Amino acid sequence: MASILFVGPGAIGATLTAWLCQDDRHHVTVAARTPFDSIETQTPNGVIRAKPRVFTDPAQAQHADWILVATKAYDSEAATQWFPQASGPRTRLAVIQNGVEHIARFENHFDRARIVPVMIDLPAERTAPGRTVQKGPAHLVVPSGRDGADFLALFAHANFDARQTDDFTTAVWRKLCLNSAGAPCAVLLKPNGIAHHEGVAGLMRSIVRECVAVGRAEGAVLEDSIPDEIVERTRRAPRDSGNSMYADRVG
Ligand SMILES: NC(=O)c1ccc[n+]([C@@H]2O[C@H](COP(=O)([O-])OP(=O)(O)OC[C@H]3O[C@@H](n4cnc5c(N)ncnc54)[C@H](OP(=O)(O)O)[C@@H]3O)[C@@H](O)[C@H]2O)c1
């Protein structure tokens with residue numbers, strides 16, 4: 001059994017909390033900014049529900065084996081308010097966010113040796129506080145090792161594609177390449193359909209090429225074909241769909 005404090009119950013956080021609560025062995029509490037009574041997640045295979053304790057004041061937090069953080073990156077500093085009450089010398093912190101700086105965002109507030117960075121590919125949307133839609137399968141990647149394995153074991157009962165890798169740097173840069181291609185949709189407030197416009201597709205390819213170049217300089221192994229593959233993937237998506245950057249701007 002593991003005690004878990006989940007900080008940031010938004011699209012990703014509430015969806016993962018709903019899954020964690022399906023395993024009776026876990027004791028899950030939620031650290032929220034906006035309160036709610038229960039969680040209801042529409043998954044591709046039906047609705048799952050959960051009723052974890054929800055705290056909104058960091059002083060309410062109790063010691064946990066695991067702290068899982070899934071705030072937006074820009075709320076990372078605020079998320080650390082939950083750490084003093086919730087952490088002990090063996091507590092581990094899983095950072096479930098996009099980007100490539102999972103450890104850097106938290107190492108001033110938590111022993112970096114006990115931070116587990118998590119790459120997540122999971123299309124999720126929040127429709128109201130505590131209400132989410134999981135629109136497709138979940139893929140989780142963590143660095144190889146005991147902490148990564150223990151984190152993935154928390155979701156052993158869920159039907160996730162969960163993997164360890166010896167090359168986490170490549171995994172997160174590959175995901176950032178995909179996310180970076182979403183910038184034109186967010187800036188123009190247009191869904192994925194604009195990738196069919198040759199000028200926009202060209203812009204997406206340039207942005208991804210830049211991301212590939214920086215990622216390679218950081219040690220990631222990224223193929224030249226990635227920009228074209230991402231544009232093709234975007235074109236295959238429903239024209240009215242959008243990435244989470246776009247969804248945030250549309251509101
Ligand atoms: N959504 C996706 O499909 C998706 C897919 C892959 C990766 N990601 C990544 O996953 C991460 C989370 O994204 P998201 O889409 O789940 O974001 P989100 O829906 O905006 O959820 C973030 C949650 O964090 C809460 N929060 C902010 N500050 C807090 C604090 N100090 N204490 C407690 N809770 C706090 C927010 O509270 P409020 O309820 O008050 O807003 C919100 O519930 C991001 O790095 C994102 O890029 C998202």
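Miscellaneous remarks
- Taking label points 7 Å from Cα along the Cα-to-Cβ direction, Asp228 and Arg131 give a separation of 4.4 nm.
- Space enclosed by the convex hull of the alpha-carbon atoms of the chain, per residue, Å³: 120 Å³
- Stokes-Einstein D in µm²/s, Kirkwood radius over Cα pairs - the range 105-224 at 25 °C with 0.890 mPa s viscosity: 147 µm²/s
- Annotation for the range 1-47 versus the range 140-185: alpha-carbon center distance of 19 Å.
- Extending 7 Å from Cα along the Cβ direction at Val250 and again at Arg163 yields two label points whose distance is 3.0 nm.
- The label point for His109 and the one for Arg33, both projected 7 Å from the Cα toward the Cβ, are 1.2 nm apart.
- One decimal place: the segment His139-His196 gains 17.8 nm when fully extended, by the rule 0.36 nm per residue minus the C-alpha distance.
- Eigen-decomposition of the gyration tensor built on the alpha-carbon atoms of the range 1-82 gives equivalent ellipsoid semi-axes of 20, 15, 11 angstrom, largest listed first.
- For the chain, modelled as a GNM whose springs connect Cα atoms under 10 angstrom apart, the maximal fluctuation among Ala32, Ala183, Ala61 occurs at Ala183.
- Binning the C-alpha pair distances of the range 67-164 at 5 Å intervals from 0 yields a P(r) profile of 2, 12, 22, 24, 20, 14, 5, 0 %, listed from the shortest bin outward.
- Overall form of the range 119-180 per C-alpha gyration tensor (a/c, 1.5; a/b vs b/c): oblate
- Protein heavy-atom surface of the chain, 1.4 angstrom probe: 49% of the accessible area is carbon and sulfur, with nucleic acids and ligands not counted.
- Judged by the mean number of other Cβ atoms found within 10 Å, the most tightly packed of the peptides 25-31, 139-145 leads the ranking 25-31, 139-145.
- The trypsin sites (Lys or Arg not before Pro) found in the range 30-118 that occupy coil by DSSP, while having at most 11 further C-beta atoms within 10 Å, are Arg90.
- Averaged per residue, the chain has 49 square angstrom of accessible surface, using a 1.4 angstrom probe with ligands and nucleic acids left out.
- Exposed-loop-free span, longest in the chain, where GluC sites (Glu not before Pro) count as exposed if DSSP calls them loop and at most 16 other C-beta atoms lie within 10 Å: 108-217
- Anisotropy class of the range 11-57 from Cα gyration tensor, a/c 1.5 cut: oblate
The values are calculated or read from the model by the stated rules, or taken from the named source; none is laboratory data. Just so it is clear, the structure is predicted and the values come from calculations on it, not from any experiment. FYI the Cβ positions are ideal-geometry reconstructions off the backbone, even for glycines, and counts take in every protein chain you see. All accessible areas refer to the heavy atoms of the entire protein, side chains included, with ligands and DNA or RNA removed. Shrake-Rupley method; radii C 1.70, N 1.55, O 1.52, S 1.80 Å.
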